[in-house]
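A.B. asks: Let me begin by handing over the structure; questions about it come next.
The values are calculated or read from the model by the stated rules, or taken from the named source; none is laboratory data. Source: prediction; values computed, not measured. We place every Cβ from the backbone using ideal geometry, glycine too, and count neighbours over all the protein chains shown. Just so you know, the surface numbers come from the protein's heavy atoms only, side chains and all, with ligands and any DNA or RNA stripped out. Shrake-Rupley method; radii C 1.70, N 1.55, O 1.52, S 1.80 Å.
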Amino acid sequence: MADNIRVVIVDDERLFAELMRVALRAADGIEVLAVVHDVKSAIAALNEHRPDVVIADYHLPDGTGADIARAVRSSLPDTSVLVLTADPSAVTLNDVARSGAVGHMTKGRGLTEVVDSVRAAASGEILFAPSELQRLLLESAASRKIIEPLTARELEVLRLLASGTSTTAAAESLGISTATLRAPGPAVLRKLGAHSRLEAVAEAARLGLVTLESWTRDRIGPPRGGSGPSPERS
């Protein structure tokens, strides 16, 4: 039997955090290790538990979910961070994309979809709504240029990621490990001026190097029955 997906929840709205805890604990194969309410406590919990997935609110009392993703990127590269917001601005989405987070979700989505997204994040998927990604592509489009040409292999990896192919299927197609695919390497990030795999795919699309044929978040689908209410931040 596969190991449980180990999750840490970070949200200063305690009722919302508790609803997520209940939904995730009720799901098969998911274990909630801790629920904390600020960046400082989150960093301590991450160092203690080393989770597979972190669900973090963007707006926290002492920082942001993107700050947590940046800390994870340097110390726990195998941990996926999914950032939540109530109503994301273009600035917020850009910060999330550059932070190393695997993606973003709005808080208005059903709890069943949160569960599905945690599973997708644990498997290495990139989770960004097509409309949100389009906003990223439009920002500074005219001013961005590729620093150095990508190799044929690097382009192949980016095109598979941009097609919406699952990490496992893409790794099998390329004959590499999923761990290798989840970290595109410093050369790709440097050439594209990116800080994360998500931002690398967005930059490649912005430059016309790849086409976003079927973005990953489309496969999550609408919430199914039994997901309960969709709590939103006031």
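A.B. asks: Sorted by average packing, counted as other Cβ atoms within 10 angstrom per residue and highest first, what order do 193-204, 61-72, 25-36, 42-53 take? Provide the component values of the computation, followed by the final result.
C.D. replies: Working: 193-204: 23.0, 61-72: 20.6, 25-36: 16.2, 42-53: 18.6.
Ranked by mean Cβ neighbours within 10 Å, highest first: 193-204, 61-72, 42-53, 25-36.
A.B. asks: Please compute the per residue accessible area over the range 1-127 with all protein chains in place, 1.4 Å probe, rounded to a whole number of Å².
C.D. replies: Numbers: 5010 Å² over 127 residues.
Each residue of the range 1-127 exposes 39 Å² on average to a 1.4 Å probe.
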